[in-house]
Amino acid sequence: MKAIHIKLFRDIASLKGQAAAIGLVMACGVATFVMSLSLLDSLNGTLNTYYEQNRFAQVFAHLKRAPLNLNERIAQIPGVAHVQTRIVERITLDMPDLREPASGQIISLPPNPREGLNLLYLRAGRFPSGTRSREIMVSQRFAHSHRLEPGDSVQAIMNGRLETLRVVGIALSPEYIYLISPGSIFPDNKRYGIFWMARHEMEAAFDMKGAFNDVTLSLMPGTNESEVITRLDQLTEHYGGLGAYQRDDQLSHKFVANEIHGLRGMTIIVPIIFLGVAAFLLNIVIARIISTQREQIAVLKAMGYRNIEIGLHFYSFVMLITILAVIAGSLFGAWMGRSMTVLYTEYFDFPSLQYTLKPHVLLLGFLVSTASASLGVAHALRVAMRLPPAEAMRPQPPLSFRPTILERLGLHRIVPPPIRMILRQLERQPIKTGLSILGIALATAILVVGSFTQDAVDYFLDLQFNRIQQYDIDVVLAEQTNDTALSTIRHMPGVLAIEPYRSLAVRLRSGHIDRRTGVLGLTQSDGLFQLLSMDGRSITLPENGIILSTRLAEELHVRAGDSVTIDVLEGRRPSLSVQVSGLINDFSGLSAYMNLNRINKLMRQQHTIGGAFLLVDPAYVDALYEELHNTPRVAAVNVKSATEENFRKTIARNLGLVRPFLIGFSVIIAFSVIYNSARISLSERSRDLATLRVLGFTRREVSMIQLGELAILTTIAIPIGLALGHYLSWLTSKSSESELVRIPFIIEPSTFVQAAVIVALASVVSGLVVGRHLDKLDLISVLKSRE
Amino acid sequence: MDTSPVEKVADRTQPVFSARAITKTYQVGELEIHALRGVNLDLFKGEFMVLLGPSGSGKSTLLNILGGLDVPTAGQVNYLDHNLTAYSDSAMTLFRREHVGFVFQFYNLIPNLTARENVALITDITQDPMSPDEALEIVGLRDRINHFPAQLSGGEQQRVAVARAIAKRPDVLLCDEPTGALDSTTGIIVLEAIERVNRQLGTTTAVITHNAAIANMADRVVSMSGGEIAEIHINQNKRPAHEITW
């Protein structure tokens, strides 16, 4: 090995603490980069393969009832490659391990289920045979949560009739990678499932002989989707069409796409923070090494080492840290990616979600880290390369100190000399001081953002389940029915209060923009469903107008006071223009609310309801469920406490999994920044400190000067970090806004306190570590050695 | 005493370096310092020259310019028939790498490299160098090759520096106050090492010092003051290092 390389390794060994700290920060950046990019790859790859192999449709439409021969006219729409008509109906199930009824959708299977669109992936068992009756396939999650296996039977109510169905297969569908019941905020695998049955049996069970009520299309490449949708809507309009939509609006796909979108953001933002901090730390460390090795550089140059060789020498130092960090970060990132894949399989149902780590991800991780590290040290390396050998041989001119702002303000008398030493030091290197503060502030901010999601979820849970939903049970009725059902339910055991509602499939229009959504007709008679904004503000339901979610209003480009046109997609399909009475800034979806009476008047259907919110006496719950089971018109029973529990369990666990990483990451950043700043200033100041010791200062007094600097940096950085965290949380809340979910911008004071305490502790610990070096200060050799 | 270098000086036909009308000014803060004010000097092949003068007289600046560490503000320096002043930075580096050995007052060893490794630093990058062990042998440090600078005395460190400078078999050895940080006993051991190199290898040698005693071992003594050459004196009575005291 060449002597210059030996020097390199010994240099690194002597700075191993600092090098390790920087490497750790960089490794965190690489890890998050590798994790999110490989996950993105895995998710995208799996999704595309699944969609392609199982021929996931591109256009979807539901309608009331259309004759089968409409099929041919749909097929004639230019650009349509394949048409698949089917029957999709609601089903209610009586599961022995569930008190309340479970519900779901039952979908017809074509005679050959291996042809057509939205092909099922058979996980177990077989497809229903054409001859034997009452055979069904069950979606995997529902089957698993009830331990259903091929050969088992289930009791179900189909079209008001109680049937015994035999499970013959367990399946997955590209349509239901993410399965959530309509109107629900969270998946509930125990209470909502998808079922498939042979078409001829569905026709018989639902009186749909020679008819269909659902159609999906695949398109030829290059087809304009919206044109197809317009044509399809025209064709289905007379048959109660609810409006066709494209894959981007398909619920399951929307959730998966949303996740992919989020990952994409993570691929960029988080690594930038880590690699930025690492680049800054490398910069101060390398600049310091170069300044302490001024004479060594000069002598190497005097002996004939070229500038580029000197530059490469120090660059190798950087690259060695970078390479080790990339290796460690890649390993950690791959591990995190693999773990996250497991987490994803809890939400997303793929035949197999294979974690794939492609070489280009690692290469990219290496390139990004190298680029950021190089950028960080470019200036310092240039200084080393440009250092004229003769000049470097002379001792460095004394550092120029100026009176600090304190002294300029005339406050210096109240500041003791050690503090003045610290302040002058900090003020002399404003950029380094500023960046150190920024680094510690970033660590604080990451902690705030990390806890913010927890606060937001807690807030959401409280608002959603305690203040908006004041009911216990939501009973969904099979059809829009006469409100005599209301009095039937009202008299069921344990019902304390009941509030009917009705939902209406509509298309809202404003100018040339339109959105398909549902309008919920409420009565608010007993206050069981409150219209509350994200900030907890109550919105009054108007007599005539419509309340829109802020997000929906934004998409329609309307404001409160404007008018929107409602095209009802059900019944006699009326259209009308209503005033937007108010906006509600809610958590999810594109919701709209109207008065139930107004809706019924519009539909010319007095006393019609689609469901009811119930407040129940817990003592009678079992009896109530029993009654509801036996009420044919009840399509689904949503139990609020079950949803809440399910939500809390999954989200809390996932947040619990992510949290240690966030805390770990920010502690690593805080520690590295503080430790490196401290080591650098110790090296810059060891002569001064040793001099003070020789002059009679105690160990403690000298420590105070050194650690005081850390204390000042941390004290300034924490409030900035809290403010930054506040801002980043707001940004997270803003950028997470999608049609599906909005995260409320809520931060509890305890979050700020916790972030400040953790960073302060990291500062104390790094202070203690540096303090050990201070104790080892060799007075004589420090004073003898020439800087 | 080997007198052949003296003969070459007397010959004065072959200047290794010739500096003509060299001036050097530099800025320190608000202050403009005139380090050299029109210096003319030749350095002849094989000679042992001592540059004598108080600190601030410009001798280090002159040596740095001759060795290609610094460039003059005006004037011209020739190395053999090459105009050094016209050299680019990289050409100058190559010149130093191939032709010049430096020894500095504060040794400037790399602290985390052993004696042998410090010498290897040079032998790694030059063509046809001697081995580090051989170079250390010449300065009498054969048994200290695996010691780090901190484990060596000042005199030993300076001898490692001399070994490092001569390992490349330089055409010229430039020493800036090589004994400045040493007591006289160890200083003389270092001077003996330099003298040996000059004599055995015939390396043209220039030593800067403010110590007039050292002038006794020179072929030629150049006295400087205030950035100018005050006097050039040919030493007829050259004495070996071990006879010198101060």
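Bear in mind these aren't lab numbers, they're just calculated from the coordinates by the rules spelled out. Keep in mind it's a predicted model, so treat the numbers as computed, not measured. Every residue, glycine among them, receives a Cβ derived from its backbone with ideal geometry; neighbour counts consider all protein chains shown.
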Between rounded, prolate and oblate, where does the range A:495-616 land on the alpha carbon gyration tensor, with a ≥ b ≥ c its root eigenvalues, rounded for a/c under 1.5, else prolate if a/b exceeds b/c? oblate
Over what distance in Å are the Cα centres of the range A:238-298 and the range B:68-102 separated? 51
Environment charge at residue A:657 (Cβ cut-off 15 Å; Lys +1, Arg +1, Asp -1, Glu -1): +4
Determine ³J(HN,Hα), in whole Hz, for all residues of the range A:469-478 in sequence, where each value follows from phi through the Karplus function 6.51 cos²θ - 1.76 cosθ + 1.60 and θ = phi - 60°; x replaces Gly and Pro. 8, 8, 8, 9, 9, 10, 9, 9, 8, 4
What full-extension length gain, to one decimal in nm, is calculated for residue A:431 and residue A:765 as 0.36 nm per residue of separation minus the Cα-Cα distance? 117.8 nm
Burial ordering of B:102, A:142, fewest other beta-carbon atoms within 10 Å first: A:142, B:102
Per-selection Rg to Rh, the range A:695-746 - Cα, Kirkwood hydrodynamic radius: 1.45
Residues whose modelled amide H sits under 5 Å from the amide H of residue A:571, counting only those 5 or more places away in sequence or on another chain, are none
At what distance in angstrom do the alpha carbon centres of the range B:124-178 and the range A:359-379 lie from each other? 40
About the Cα centre of the protein assembly as shown, how large is the charge dipole given +1 on each Lys and Arg Cβ and -1 on each Asp and Glu Cβ? Please answer in debye to the nearest 20. 900
Could you compute the FRET efficiency for residue A:224 and residue A:254, with r as their C-beta to C-beta distance and R0 at 30 Å, rounded to 0.05? 0.90
In nanometres, what is the gap between the two model label sites at residue A:496 and residue A:688, each 7 Å from Cα along Cα-to-Cβ? 7.0
Any idea how far apart residue A:408 and residue A:695 come out in nm if each label point goes 7 Å out from Cα toward Cβ? 2.6
The range A:736-751 - phi-based ³J(HN,Hα) in whole Hz, Karplus 6.51/-1.76/1.60, Gly and Pro as x: 7, 4, 9, 4, 7, 9, 10, 8, x, 8, 10, 10, 7, x, 4, 4
For residue A:82 and residue A:13, compute 0.36 nm times the residue count separating them, minus their Cα-Cα distance, and round to one decimal in nm. 18.1 nm
At a threshold of 8 angstrom on Cα-Cα distance, excluding pairs fewer than six apart, so keeping six or more, what relative contact order does chain A reach in percent? 17
If you fit an axis through the alpha-carbon atoms of helix A:430-462 and take the longest principal axis of the Cα set of chain A, what angle between them do you get, 0 to 90°, nearest 10? 20
Gyration tensor (alpha-carbon) shape descriptor, the protein assembly as shown, a/c threshold 1.5: prolate
Could you list A:701, A:499 in order of exposure, starting from the residue whose Cβ has the fewest other Cβ atoms within 10 Å? A:701, A:499
Computed FRET efficiency, Cβ-Cβ of residue B:212 and residue A:5, R0 45 Å: what is it to the nearest 0.05? 0.55
Honestly chain B on the Cα gyration tensor test (a ≥ b ≥ c root eigenvalues; a/c under 1.5 rounded, otherwise a/b vs b/c for prolate or oblate) is just rounded
I'd like the FRET efficiency for residue A:320 and residue B:91, computed as 1/(1 + (r/R0)^6) with the beta carbon distance as r and R0 of 30 Å, rounded to 0.05. 0.45
Between 0 and 90°, nearest 10: helix A:16-53 axis offset from chain A longest Cα axis: 20
Two pseudo-spin positions, 7 Å from Cα along C-beta at residue B:25 and at residue A:383, lie apart in nanometres by 2.9
Report, in whole Å, the centroid distance computed from the Cα atoms of the range B:209-229 and the range A:569-636. 107
Taking amide H atoms as placed 1.01 Å from N in the peptide plane, list the residues 5 or more away in sequence, or in a different chain, whose amide H sits under 5 Å from that of residue A:81. A:218, A:219, A:220
For residue A:772, project a label point 7 Å along Cα to C-beta. Then give me every residue of the range A:8-50 with its amide nitrogen under 13 Å of that point. A:16-18
If I stretch the segment between residue A:563 and residue A:264 completely, what's the gain in nm (0.36 nm per residue apart, minus their alpha carbon distance), one decimal? 103.9 nm
Please rank A:146, A:5, fewest neighbouring Cβ atoms within 10 Å first, as an exposure proxy. A:5, A:146
